[in-house]
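K.L.:
My questions all concern the structure below.
Bear in mind that the values in this text are calculations on the coordinates, not laboratory data. Source: prediction; values computed, not measured. With ideal geometry, Cβ positions are generated from the backbone for all residues, glycine too; neighbour counts draw on all protein chains shown.
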Amino acid sequence: MLRSLLMRTGIAIRGAVGRRDGILILSTVGVSYLIVYLWGLGHLNRTGTGGFDLMVVDDPIARMTESMGPFIYEPVALLTLGTFEVLLSPINLLIGIGLASLVGLNLAVSWVAWRGPSACRIGPGAGLAAGLPGLLSGFACCGPAILLVIGVQATAGIITAFQWFLPFTIVLLVGTLLWVGNQVEPVKYPPPG
């Protein structure tokens with residue numbers, strides 16, 4: 001059962017990224033999500049002075065594993081690219097790339113399945129539903145800050161709940177990808193377009 005589920009999902013992913021529209025959606029959504037994720041963490045700002053500069057902290061290997069909060073880790077470098085400043089945290093970057101890939105794959109597979117309705121057993125709304133779990137991960141990093149900005153006095157329980165959004169989001173994204181991938185009929189997959 002699990003093997004069949006993984007194989008069908010793998011076929012659906014290969015089919016989606018083997019098409020121009022699928023790879024375009026994967027790359028566009030993935031890059032856009034990563035930019036928004038880094039901006040939400042406060043690791044991407046438009047306050048640079050121009051030019052190119054790279055500053056690295058002392059002992060970056062030890063610093064990169066220091067936690068600043070649930071699933072948020074210490075930046076080890078500051079990269080200035082023109083008017084943009086990027087705080088580089090390898091672990092946050094890996095988390096962001098992983099989430100961006102899952103969101104992009106969900107939407108690419110859903111898009112290709114929607115474009116070829118004879119190839120799937122899902123409704124056209126699945127594409128939108130596939131990307132919604134990715135939005136939850138924004139609450140993992142930005143939720144407490146949003147509460148402070150709008151002036152809500154949150155209890156410790158609400159703040160603690162935010163740390164569970166990221167793992168919950170990953171489970172939802174993987175689950176949605178497996179569900180959508182399992183709904184696609186490999187034999188009837190639409191031709192590239």
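K.L.:
If the chain between Leu6 and Phe84 were fully stretched, how many nm would it gain, using 0.36 nm times the residue separation less the Cα-Cα distance?
P.N.:
Residue separation times 0.36 nm, minus the Cα-Cα distance, leaves 24.1 nm.
K.L.:
How would Thr65, Thr47 line up from fewest to most surrounding beta-carbon atoms within 10 angstrom? Before the final figure, lay out each step's value.
P.N.:
Values: Thr65 11, Thr47 8.
Ordered by Cβ neighbours within 10 Å, fewest first: Thr47, Thr65.
K.L.:
Using the crude model of +1 on Lys and Arg Cβ and -1 on Asp and Glu Cβ, and no other charge, please compute the dipole size for the range 1-101 relative to its Cα centre, in debye to 20. Kindly include the intermediate steps, with their values, before the conclusion.
P.N.:
On the way: 7 positive and 7 negative charges, 170 e Å.
Dipole magnitude for the range 1-101 comes out near 820 debye.
K.L.:
At 0.36 nm per residue, minus the direct Cα-Cα distance, what do Ala77 and Leu94 gain on full extension? Give it in nm, one decimal, please.
P.N.:
4.6 nm
K.L.:
Now for a different question. Is any residue of the range 70-94 close enough, with backbone N under 17 Å, to a label point placed 7 angstrom from the Cα of Asp53 along the Cα-Cβ axis, and if so, which?
P.N.:
The answer is 76-88.
K.L.:
Among residues other than Ser89 whose Cβ falls under 15 Å from its Cβ, what is the net charge (Lys/Arg +1, Asp/Glu -1)?
P.N.:
-3
K.L.:
Something else about it: Would you give the gap between the C-alpha center of the range 88-108 and the C-alpha center of the range 14-85, rounded to a whole Å?
P.N.:
Going from one Cα centre to the other spans 10 Å.
K.L.:
Taking the number of other C-beta atoms within 10 Å as the exposure measure, put Val86, Val76, Val184 in order starting with the fewest.
P.N.:
By the 10 Å Cβ count, ascending: Val86, Val76, Val184.
K.L.:
Starting from the amide H of Val76, placed 1.01 Å from N in the peptide plane, find each other amide H under 5 Å away whose residue is 5 or more places distant or on another chain.
P.N.:
Answer set, sorted by chain and number: Leu88, Ser89.
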